[in-house]
Structures are given as structure tokens and as C-alpha cells.
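Q: Take this structure, written in C-alpha cells, and hold onto it; I'll ask about it next.
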Amino acid sequence: MMAGGAIGWSSKLQGTVALSTTEAEYIATVQAGKEITWMHNILTEFGFALDIPTPLNIDNQSAISVSKNPEHNERMKHLDLRFYWLRDAVHDISS
């Protein structure tokens, strides 16, 4: 939101079939993270200074655990490599 109004939102079916709610939440979180990154980049190009990180809220404890743990998770090993971007982003912010 900016100046009290929504500047970006989306509602659509996931393009990938998830085998669990953890996977579904994790994939949705990756998509939201990519949108946040894009929004930061475009706002920076427009001249807005973004000094603080944007919070990304997740209500699934398993998805939070998967995103914070950069080690290989047995139940998530079949996911496409593009979804591991979130782990790297969380690790970069944490360190």
C-alpha cells in the first residue's frame, strides 16, 4: 500500500500442483517475495528511497521453517529449483 491505496495485488490459481499445504504456502510465498522485489526495484527507479525491508507475513509454520532452513528438506526435495530463491533471500536478509 502506498498513500493509503493498494498499488499491487493478485489473485490467480497456482501454475504448479502442490502435494501439501506446506508446498502450496511456500510457492505462494515465493511469488509474493518476487512481487515485493519487483516493487522495490521499480519504486527505487522512480526515486523513492526504501530503507527498511518489506515484511512478508506467512501463517504456515512449516512454510516458515522451510524458508528459514537452507539445508535440504526431505519433503521438499522435488520442488523446482526456482522456488529455492526464497531461501537465499531469507538467508541474505538474516546475515
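The values are calculated or read from the model by the stated rules, or taken from the named source; none is laboratory data. Treat the numbers as computed from the prediction; the structure is a model and nothing was measured. So basically every Cβ, Gly included, is an ideal-geometry build from the backbone, and we count neighbours across all protein chains shown.
Q: Output the residue which, of all residues in region 28-85 that are over 23 Å from W9 (Cα atoms) and of a type in the set (A, V, I, L, M, F, W, C), is modelled with the lowest pLDDT. Walk me through how you get there before you give the answer.
A: Our first condition is that a residue be over 23 Å from W9 (Cα atoms); within region 28-85, this holds for 61-62, 65-66, 68-81.
Then drop every residue that is not of a type in the set (A, V, I, L, M, F, W, C), which leaves 66, 76, 79, 81.
Numbers: V66: 77, M76: 66, L79: 70, L81: 62.
Among residues in region 28-85 that are over 23 Å from W9 (Cα atoms) and of a type in the set (A, V, I, L, M, F, W, C), the one modelled with the lowest pLDDT is L81.
Q: Can you spot a residue in region 6-14 that is under 16 Å from the mean Cα position of the chain (by Cα) and closer than 22 Å to D88 by Cα?
A: Scanning region 6-14 turns up at least one residue that is under 16 Å from the mean Cα position of the chain (by Cα) and closer than 22 Å to D88 by Cα.
Q: List the residue pairs whose Cβ atoms are under 6 Å apart, where the first residue sits in region 17-29 and is at negative phi and free of Cβ contacts under 8 Å to residues at least 40 places away in the same chain, the second is of a type in the set (G, A, S) and crowded, with 16+ Cβ neighbours inside 10 Å, and the two are 6 or more positions apart or on different chains.
A: Partner pairs satisfying both residue conditions: A18/A24; E25/A63.
Q: Please go through (1) touching a helix residue (DSSP H, G or I) at 6+ places or on another chain (Cβ under 8 Å); (2) loosely packed, with under 12 Cβ neighbours inside 10 Å; (3) of a type in the set (S, T, N, Q); (4) modelled with pLDDT under 80 for T21 and return the number of the only condition it doesn't satisfy.
A: Evaluating T21 over (1) touching a helix residue (DSSP H, G or I) at 6+ places or on another chain (Cβ under 8 Å); (2) loosely packed, with under 12 Cβ neighbours inside 10 Å; (3) of a type in the set (S, T, N, Q); (4) modelled with pLDDT under 80 leaves (4) as the failure.
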